[in-house]
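*Asks:* Quick one: the structure is below, and I'll ask about it shortly.
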Amino acid sequence: MSRLMSYLSFLVLALLLFFPLTSAQEVYEVKYAVMSNGSDALIPLQVLTYEPYCPPLSGINCANATTGEVLGGEEHLFYFNGSQLYLLNFTPAFRALYPNYSTLLDQSRALYHYTLGQSLNGARFINGSWYLDLTFYPPMTHVHGIYLFNPKNLCIEPVNVSWLKLPKGKISDEINGWRIELQSPSFKKWDYANVSDVWVTMSENALRWSPGPTEVVNSSVFPIYFLLKKEGHVKNITLVYLNMNVTRDDFVPPNTPVPGYWFPDSVKIANVTVCEKASANTGKTGENVTANSTDTPHTPPIKTTPSHPTSTKENSKICGPGLVTLLAVIPVLMGRLKRRVE
């Protein structure tokens, strides 16, 4: 092992002592919205992890902390055709549209299992077409654009339009006659769609510092879902399962990090490509669905979300001052927090 790697390993162990990760000191916030046009839907999902604010040398005892901060988070995007739920992996399309980032993506992936992140800022269904306002997050930067999404071929193409000038589009609270019911309705919006906002923990101690309306649960596995109701019938569409029993010991080397959340086996990963007419370099179109994708594993590592307005148009503080040193020195440490959708 090189001197640098030895030093970094020492930092990981030392920093873990400063930031004890126990189920009693962790809160999940999960937001999602079902953006339906009446027959199908796009479902953005955001998973955030909170911990008590007690940075080293601050004099604040973690056991007595009264405020919390976001440790990290990830966003994913589902497509639901009324029966099948797809987790969209935009990496193939991003590589084709922006090849200059491919080398950086590969290097980051090899170093610390980096996966391409994206945020859905908004989705509109206008004149039979889905328009997506997307921001991609390759390492150390971001790429923003407006794209047409073709759900039949699972592909996107850039379009030169102003999002602010686009009409509201078709919005429905049903999918093929089934009424959508959110798990925990919030006053928030994701573009024009209603948001479900869930806060959960396994310890009453976290209620002292948690920044949201947190529920204490006694199950180590907690589902995030929405319901479809029609004439007395109910369908439960599960998006993700939270692992509420992750502890500090799970992350201490040489143990393999335990995933903080994972997707149901029924969810299919769909590799989104560039629509054929949008790129001469794109191969055949069609449904690019894989049981497993190397760019979008079922349990991706949680990574720090860049400081930018979230999809709900709020300025979300993703990294508190107590973690600046940790995140700057060893990004691989974040890989231990989540192995999830994209």
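The values are calculated or read from the model by the stated rules, or taken from the named source; none is laboratory data. Keep in mind that this is a model prediction, so the values were computed, not measured. Because the Cβ atoms are built from the backbone with ideal geometry, glycine has one as well, and the counts that use them run over all protein chains shown. Only protein heavy atoms, including side chains, enter the accessible area calculation; ligands, DNA and RNA are left aside. Shrake-Rupley method; radii C 1.70, N 1.55, O 1.52, S 1.80 Å.
*Asks:* Can you classify segment 151-278 as rounded, prolate or oblate using the Cα gyration tensor, where a ≥ b ≥ c are the square roots of its eigenvalues, rounded means a/c under 1.5, and otherwise it's prolate if a/b beats b/c and oblate if not?
*Replies:* Because a/c hits 1.5 or more and a/b exceeds b/c, segment 151-278 counts as prolate.
*Asks:* When a/c is below 1.5 the answer is rounded, else prolate if a/b is larger than b/c, else oblate, so apply that to segment 65-108 with a ≥ b ≥ c taken from the square roots of the Cα gyration tensor eigenvalues.
*Replies:* On the way: a/c = 4.30, a/b = 1.20, b/c = 3.57.
Verdict is oblate for segment 65-108.
*Asks:* Rounded, prolate or oblate for segment 65-147? Axes are the square roots of the Cα gyration tensor eigenvalues, ordered a ≥ b ≥ c, and the cut-off for rounded is a/c under 1.5. All intermediate terms of the calculation are to be shown ahead of the outcome.
*Replies:* Working: a/c = 1.84, a/b = 1.19, b/c = 1.54.
Judged from the Cα gyration tensor, segment 65-147 comes out oblate (a/c at least 1.5, b/c at or above a/b).
*Asks:* Only Cα pairs under 8 Å and at least 6 apart count here; give the relative contact order of segment 163-238 as a rounded whole percent.
*Replies:* 28 percent
*Asks:* Here is a follow-up. Calculate, in nm to one decimal, what Lys170 and Asp106 gain on full extension: separation in residues at 0.36 nm each, minus their alpha carbon distance.
*Replies:* This chain segment gains 19.2 nm when fully extended.
*Asks:* Relative to a virtual label point 7 Å from the Cα of His233 in the Cα→beta-carbon direction, which members of segment 67-86 show backbone nitrogen distances below 13 Å?
*Replies:* 83
*Asks:* Relative contact order for segment 26-102: what is it in percent, counting Cα pairs under 8 Å that are at least 6 residues apart?
*Replies:* Values: 120 pairs, mean separation 20.3, N = 77.
Relative contact order for segment 26-102 comes out at 26 percent.
*Asks:* Taking 0.36 nm per residue of separation and subtracting the Cα-Cα distance, what length does fully extending Asn160 through Val217 add?
*Replies:* 15.9 nm
*Asks:* Also, quick follow-up: With just the Cα atoms defining each centre, how far is segment 86-162 from segment 207-236? Give it in Å.
*Replies:* Between the Cα centres of segment 86-162 and segment 207-236 lies a distance of 29 Å.
*Asks:* Using 5 Å bins from zero, what percent of all Cα-Cα pairs in segment 23-274 falls into each bin?
*Replies:* That works out to 1, 5, 12, 15, 17, 16, 14, 10, 6, 3, 1, 0, in percent per bin.
*Asks:* Over segment 104-154, calculate the relative contact order: mean separation of alpha carbon pairs under 8 Å at least 6 apart, over the residue count, as a percent.
*Replies:* Value for segment 104-154: 29 percent.
*Asks:* Highest mean first, how do 135-148, 78-91 rank when packing is the count of other Cβ atoms within 10 Å averaged over residues?
*Replies:* 78-91, 135-148
*Asks:* Quick one: accessible area per residue over segment 23-274, 1.4 Å probe, rounded to a whole number of Å²?
*Replies:* 42 Å²
*Asks:* If I model a spin label at Ser83 and Asn153 as a point 7 Å from the Cα along the Cα→Cβ vector, what separation in nanometres do I get?
*Replies:* Output for this residue pair reads 2.4 nm.
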